[in-house]
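The block underneath contains the structure these notes are about, expressed in structure tokens.
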Amino acid sequence: MAHVLKKLTETLNERRNADPDSSYVAKLHHKGLNKILEKVGEEATETILAAKDAELSGDNGDLIYETADLWFHTLVMLSHQGESYHSVLKELERRFNLSGLDEKASRAPQTD
């Protein structure tokens with residue numbers, strides 16, 4: 001399934017500088033980072049609500065749909081910042097064999 005991320009990244013890169021009137025991705029980039037972040041936040045909220053609904057209904061259809069929207073807009077955000085899913089995968093790989101508690105503690109502010 002990695003080919004899906006690769007193809008999506010290629011499409012996002014192609015559409016980044018397209019005409020904003022003909023491409024949703026170009027429109028987001030044209031409006032700037034704040035608009036992209038607004039969409040990421042909106043999709044995160046919709047994903048959370050879909051997860052809560054799925055827990056009650058037992059149907060994960062909307063959860064999958066909203067997660068796809070969240071991932072899409074997150075990839076647009078990464079693209080806008082000159083990054084791609086490769087950087088995220090490298091970070092996740094770095095965390096293998098590292099306790100989540102230890103990783104979190106390493107980010108905590110140090111007090112004397």
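The values are calculated or read from the model by the stated rules, or taken from the named source; none is laboratory data. These numbers were taken from a predicted model, which means no experiment stands behind them. Every residue, glycine as well, gets a Cβ built from its backbone with ideal geometry; the counts of neighbours run over all protein chains shown. Just so you know, the surface numbers come from the protein's heavy atoms only, side chains and all, with ligands and any DNA or RNA stripped out. Shrake-Rupley method; radii C 1.70, N 1.55, O 1.52, S 1.80 Å.
On a 1.4 Å probe surface of the protein chains, which of Leu63, Leu37, Leu101 comes out largest in accessible area, and what is the full order?
Leu101, Leu37, Leu63
Determine the share of the chain's accessible area contributed by carbon and sulfur atoms, expressed in whole percent, with a 1.4 angstrom probe.
55
Where a Cα-Cα gap under 28 Å defines reach, which lysines qualify for Lys27, not counting those fewer than 8 residues away within the same chain?
Lys6, Lys7, Lys35, Lys39
Calculate, axis by axis, the spread of Cα positions in the stretch 1-41 along the three principal axes, and write the results as whole Å, longest axis first.
30, 25, 11
For the chain, modelled as a Gaussian network with Cα springs under 10 Å, which listed residue fluctuates most, Ser79, Ser87, Ser57?
Ser57
How far, in degrees from 0 to 90, does helix 33-57 lean away from the longest principal axis of the Cα atoms of the chain, to the nearest 10?
70
Placing +1 at every Lys and Arg Cβ and -1 at every Asp and Glu Cβ, with all other atoms neutral, what dipole size does the chain have around its Cα centre, in debye to the nearest 20?
480
As an exercise, identify the GluC sites (Glu not before Pro) in the stretch 38-104 lying in DSSP coil whose Cβ has no more than 15 other Cβ atoms within 10 Å.
Answer in residue order: Glu83.
I need the Debye-formula profile for the stretch 48-103: one equal scatterer per C-alpha, no solvent, reported as log10 I(q)/I(0) at q = 0.18, 0.20, 0.28 1/Å, two decimals.
Debye output, listed in q order: -0.82, -0.86, -0.92.
Based on the Cα gyration tensor of the chain, what are the three equivalent ellipsoid semi-axes, each the root of five times an eigenvalue, rounded to whole Å and given largest first?
Numbers: eigenvalues 149, 93, 48 Å².
Values for the chain, descending: 27, 22, 15 Å.
For the Cα atoms of the chain, what angle does the longest principal axis make with the long axis of helix 61-80, in degrees from 0 to 90, nearest 10?
Between helix and principal axis, roughly 80 degrees.
When only DSSP loop residues count, what chymotrypsin sites (Phe, Trp or Tyr not before Pro) in the stretch 14-112 have their Cβ near at most 12 other Cβ atoms within 10 Å?
Counting only loop positions with at most 12 other Cβ atoms within 10 Å, the chymotrypsin sites (Phe, Trp or Tyr not before Pro) in the stretch 14-112 are Phe96.
Farthest toward the dipole's positive end in the chain, which of Leu49, Tyr24, Asn60, given Cβ charges of +1 (Lys, Arg) and -1 (Asp, Glu) about the Cα centre?
Value: Tyr24.
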